[in-house]
Each structure stands twice: as C-alpha cells, then as structure tokens.
Amino acid sequence: MYYMDDQKMESIAKRMNMSRSTVSRLIAIAREEGLVRISLRPPEEPIDTTASRLRAIYGINVIVVPVPTATAEVRRLERVATVAGRLISEAVSDNTVIGVAWGTTLSAVSERLVPRPLTGVKVVQLNGAANPATSGILYVGELLGNFGRAFQAEVINFPVPAFFDYADTREALWRERSISSVRELGRNADIAIFGVGAFATPVASHVYSRDYLSDDEVAQLQSDGVVGDICTVFIRSDGSYADIELNSRATGPTPDELRKIPQRICVVAGSAKAQALLGALRTGAVTDLIVDDECAQIVLQASERAAGNSGE
C-alpha cells in the first residue's frame, strides 16, 4: 500500500484498523529486514562532470556524493557511507565472497548496509588487526559482523597482527595452513571493499591513531614519501609502494594482489584523504570509487595537472 499504491500512512492505518505509529514501525522494520529494498540509479550525467572526468582518466566507475560545503567531517563521512552501504548491498549476490579491510570508513559503511536474504555468501577479513595494545577482535569483529548479518553470511577472521615486527616472522606464518587458507580466500574474493587511510585527518584513520605505528615508524614513512595506505599497505602519491620497508611486514593484500579481484570498491570521505586517494588510484587497485564531492574535485584537479604536465 505504501510503496506500490502510494497510499498515505493515515489511510493505511484506517484501512488496516491500526495506529499510524504502528504502520510507520512496520514500514521501518520492512526496510531494516530487507523485505523492502531501495535501489539508487544515478541519472544520465552530462559529459563534463567530476565523476565522468575521473572515470575517463582512470577507467573506473565513480560515484560522487554531494555534501554541503559547511558540513562537519563526521557528517560528510556518514553521507558517503550511506550511499556506499546501499550500493555495496546491491553488488552482493548469492555465493559472493566479500573481502573486507577494516578501518574508520568501513565501520561506518558496515552500519549502513541494506539487509538481504542471501545464501552462500562469505565475508573474509583482508588484513590483520592486532597491535601491541589490542587484539583488534572486538573492533573488527563488530565490523565484519555487520556484513555477516546484512547478507546472512559466514564470517572468516584473519587472526594476525596488522604489522609483524619482523619480515621473516611474517613469511614463516604465511606457511601455516590455517593462515594461508584465509589469505587465499581473501585474495580470490569476488569483491574487495576498502577505504584509504591518511596521516592527519579530522576523522582519524584507525591505523594512525590506535597504537599500530610507533613514532619512529611514522617518521620513517613520512621520510619515504608515504601519503597513506590501502588495506594497511602504505603508498606514495605516485602509486609506488614496493620498496617501503614496513610493507614487508604488513599483512594486507598489496595493490598487485588486489588487482586480481574482479571488483574493488574504494570508499573515501574528506579532502584530507585526497593525496592518499590519488596514490590509491594510481596503483590500479580500484575499479569502483565512492567519494564525496570535495575530495573528488581535489583529486581531479591534481590528476588533470599531472596529465597536462606529461603532455597527454
């Protein structure tokens, strides 16, 4: 009555002999449980838009989320996460394997997924979350649990640190079957979902604010020209990452490994992450980008300047 016949809640309540508040509650429950799904389909865009220009430069799908200029950063993240939650939910189908990297942005996205009654879905943690101060289980468990509940999926955790102290320790542990099987599942996922971390952002990136890095490690990363990370693998603005020492101890998939996954959805909010997003795009690790308009515009300007300087 409400969605298909366009009836008002008052008339539905009268016809069904119940209160308006009961009708409102039932409609809300229908959406929360996935009985009602709302799809977003962007209208045909003019040729010259931020999204279309980024799409042309990087050959990826781009959704730019408009946010009023004076909006607080937390609210900006919420707006982007809401759009991302709905679009990601539309992308998942039966028997999909979803690789998820933890982080502040993905936590917000996980809370805004649209529940769907699917079968055979698996959600696998892409990068370790432990550090000297915490196991990371509570934080990442809630994030992955939101994905699992939304899609009635099996959740597979990756019980290792975000960064090992020694590269050879990582190599030894990768040979353990219980660990290698999780890595194999994540690196053969159908969809990878991740954000972009950066050093100084109004809404703090988890890896830079929760005892994952020592002061000396942060100083070394900045000296190496690092602008941020994807899946806790550090990158420069030109997209390079292979020679950064800390990456030899990181547990997340590298951009090269991510590129083997068919669909890689990157969700970013805030202009402070523009340089890190630029580096992420230049690695080729992104196939789908959901980003706020302010960050998108900065990335577009930098990308077009670089193209102009190279004579393209």
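The values are calculated or read from the model by the stated rules, or taken from the named source; none is laboratory data. Being a predicted model, the structure only gives us computed values, none of them experimental. Cβ: placed from backbone, ideal geometry, glycine included. Neighbour counts: every protein chain shown.
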TODO: Could you check how many residues of the range 190-245 are among the hydrophobic types (A, V, I, L, M, F, W, C), at negative phi and not in a strand (DSSP E or B)?
DONE: 12
Open item on the list: Among the residues that make up the range 162-173, is at least one of them small (Gly, Ala, Ser), in contact with a Leu (Cβ under 6 Å, 6 or more places away or on another chain) and closer than 26 Å to residue 255 by Cβ?
Closed with: no
- [ ] Return yes or no: is residue 24 modelled with pLDDT of 90 or more, more than 19 Å from the chain's Cα centre (by Cα) and either of a type in the set (Val, Ile, Thr) or surrounded by 14 or more Cβ atoms within 10 Å (Cβ to Cβ) (or both)?
- [x] yes
- [ ] List every residue pair whose Cβ atoms sit under 8 Å apart, with the two residues 6 or more apart in sequence or on different chains, where the first one lies in the range 168-181 and is not assigned by TED's automatic domain parsing to the domain that holds residue 245 and the second, anywhere, is assigned to a helix (DSSP H, G or I) and among the aromatic types (Phe, Trp, Tyr).
- [x] none
TODO: Hey, can you tell me all the residues within the range 121-146 that are under 19 Å from residue 210 (Cβ atoms) and outside any helix (DSSP H, G or I)?
DONE: 125, 126, 127, 128, 129, 130, 131, 132, 133, 134, 135, 136
Open item on the list: Can you pull out every residue in the range 275-289 that is β-branched (Val, Ile, Thr) and either surrounded by fewer than 24 Cβ atoms within 10 Å (Cβ to Cβ) or assigned to a helix (DSSP H, G or I) (or both)?
Closed with: 283, 287
TODO: Determine whether residue 272 is under 23 Å from residue 191 (Cα atoms), small (Gly, Ala, Ser) and either assigned by TED's automatic domain parsing to the domain that holds residue 195 or part of a loop (DSSP other than H, G, I, E, B) (or both).
DONE: no
Open item on the list: Tell me whether the range 239-259 contains one or more residues that are more than 15 Å from the chain's Cα centre (by Cα), assigned by TED's automatic domain parsing to the domain that holds residue 164 and within 27 Å of residue 90 (Cβ to Cβ).
Closed with: yes
Open item on the list: Among the numbered criteria (1) crowded, with 21+ Cβ neighbours inside 10 Å; (2) in contact with a Ser or Thr (Cβ under 8 Å, 6 or more places away or on another chain); (3) farther than 17 Å from residue 295 by Cβ, which one does residue 54 miss?
Closed with: (3)
Task: Exclusive hit being on the phi < 0 side of the Ramachandran plot, outside any loop (DSSP other than H, G, I, E, B), modelled with pLDDT under 95 and surrounded by fewer than 18 Cβ atoms within 10 Å (Cβ to Cβ), set 75, 149 - done: 75
Task: Considering residues of the range 121-146 that are touching a Gly at 6+ places or on another chain (Cβ under 8 Å) and crowded, with 20+ Cβ neighbours inside 10 Å only, the residue modelled with the lowest pLDDT - done: 136
TODO: Being of a type outside the set (Val, Ile, Thr), within 26 Å of residue 210 (Cβ to Cβ) and part of a helix (DSSP H, G or I) is the filter here, so list the residues in the range 78-120 that pass it.
DONE: 78, 79, 81, 84, 85, 106, 107, 108, 110
- [ ] Go through 167, 192 for me and flag whichever is modelled with pLDDT of 90 or more, buried (at least 21 other Cβ atoms within 10 Å of the Cβ) and of a type outside the set (Val, Ile, Thr).
- [x] 192
